[in-house]
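This report refers to the structure that appears directly beneath it.
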Amino acid sequence: MSGNGEALTSIRIGFIGAGRLGSALAWSFKERGLKVTAVGSLIKADAERLAEKIPGCAVVAMQEVADTTDLVFVTTPDEAIGATASALRWRPGVAAVHCSGVTEVSALSSAAQAGAQIGGFHPMQTFGDPMAAVRSLPGCTITIEADEPLLSTLVAITERLECRVNRLPPGMRGSYHAAAGYTSQFINALFSEATRIWQSWGATEEEAVRALLPLAKGTLSSIESAGIVNGMPGPVSRGDVGSIEKHVASLSKMPLDVMEFYRVVCDRTIDIGRKRGAIDDEKAKRLRGIIAGKD
């Protein structure tokens, strides 16, 4: 298996699992000239929906995917990866790759014991809408874990998708996936908490999200252009003690957990403000006193 252009387009690619992630990847591969030849799924309708957009892609039994392709992407739910791999017969030379961010590549050990190459290929992207994911995939990062020669092939596929490569050493997937959560699902928690505060004066969730979303997008743009430290907005970044005092005074009138959440996230921004040079040690200490209710 090789990563050069002509050899890359000759690799027969198969998918086991035809959910949102598998569909988005398969359709993206097809758009980039890669050869997706087979798909198998416990839910036949999902496999048919995936295959209908890819000329020459056959809907077959999962074992036939492993038997007839060179590179198999296992895109089942995370908890099914190991059992799926163990249930199949693998042949030497074929490659089996899962697309989970948190599952160790060793979940495919049964394939490796049969002589297959194994690896991980995790796009750092959301796949709620597969067609939208196809459009948004270019430019995202794909985390790869594999040995050669499979590593070079996966890197070449990533580059063909116009994505960035992140190489992950074995044993780090739990930390890697947790870090990704901070900038994906944890954003939902931040919006939920902010919306709760908006609702305290009678606003709706829809009104809160409509107002707050442009702020979040602006912050992301600032991080992209100026970095985490210099791209942080808000009163801590300006050393604005008075605004933080007003925040605490208002939030302290709400249920206790609201203030506790604010205290944790605000405290983390203080160190960022220090790195930026906006606040010195004395002001940082004062800010921590205010959010702790001691000032």
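The values are calculated or read from the model by the stated rules, or taken from the named source; none is laboratory data. Keep in mind that this is a model prediction, so the values were computed, not measured. Here Cβ is always computed from backbone atoms with ideal geometry, including for glycine, and neighbour counts include all displayed protein chains.
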ask   = What number of residues within the stretch 70-126 satisfy the criterion of being out of contact with any Ser or Thr (no Cβ under 9 Å at 6 or more places or on another chain), of a type in the set (D, E, K, R) and surrounded by 14 or more Cβ atoms within 10 Å (Cβ to Cβ)?
value = 1
inquiry  = Checking Cys140 against (1) touching a residue at least 12 places away in the same chain (Cβ under 8 Å); (2) more than 19 Å from Ala26 (Cβ to Cβ), only one condition comes out false. Which one?
reply    = (2)
inquiry  = If I ask for residues that are hydrophobic (A, V, I, L, M, F, W, C) and farther than 17 Å from Val97 by Cβ, which ones from the stretch 51-79 would you list?
reply    = Ala51, Ile54, Cys57, Ala58, Val59, Val60, Ala61
ask   = If we scan the stretch 187-199, do we find a residue that is more than 20 Å from Ile228 (Cα to Cα) and among the aromatic types (Phe, Trp, Tyr)?
value = yes
task = Mind counting the residues in the stretch 248-258 that are over 29 Å from the mean Cα position of the chain (by Cα) and either in contact (Cβ under 8 Å) with a residue 12 or more places away in the chain or not in a helix (DSSP H, G or I) (or both)?
result = 6
request  = Take Ser110 and decide whether it is outside any strand (DSSP E or B), farther than 16 Å from Val72 by Cβ and of a type in the set (Ser, Thr, Tyr).
outcome  = no
request  = Give the stretch 263-283 a look and list any residue that's in contact (Cβ under 8 Å) with a residue 40 or more places away in the chain and assigned to a helix (DSSP H, G or I), or say none.
outcome  = Val265, Ile272, Gly273, Lys275, Arg276, Lys283
ask   = So which of Glu245, Glu224, Glu145 ends up being in a helix (DSSP H, G or I) and touching a residue at least 40 places away in the same chain (Cβ under 8 Å)?
value = Glu245
remark   = Within the stretch 156-169, the count of residues that are at pLDDT 95 or above and surrounded by fewer than 17 Cβ atoms within 10 Å (Cβ to Cβ) comes to 5
remark   = Out of (1) in contact (Cβ under 8 Å) with a residue 12 or more places away in the chain; (2) closer than 24 Å to Pro170 by Cα, the one Ala83 does not meet is (1)
ask   = In the stretch 254-275, is there at least one residue being out of contact with any Leu (no Cβ under 7 Å at 6 or more places or on another chain), of a type in the set (Asp, Glu) and surrounded by 14 or more Cβ atoms within 10 Å (Cβ to Cβ)?
value = yes
key: Checking Ala132 against (1) under 22 Å from Phe261 (Cα atoms); (2) at pLDDT below 95; (3) out of contact with any Ser or Thr (no Cβ under 8 Å at 6 or more places or on another chain), the condition it does not meet   = (1)
Residue identified as under 24 Å from Thr183 (Cα atoms), part of a helix (DSSP H, G or I) and touching a residue at least 40 places away in the same chain (Cβ under 8 Å) among Arg210, Arg196, Arg286 = Arg196
task = May I ask you to list the residues in the stretch 151-177 that are of a type outside the set (Val, Ile, Thr), in a helix (DSSP H, G or I) and within 18 Å of Ala96 (Cβ to Cβ)?
result = Leu151, Ser152, Leu154, Ala156, Arg173
Of all residues in the stretch 64-86 being of a type in the set (A, V, I, L, M) and touching a helix residue (DSSP H, G or I) at 6+ places or on another chain (Cβ under 8 Å), the one that is farthest from Ile43 (Cα to Cα) = Leu71
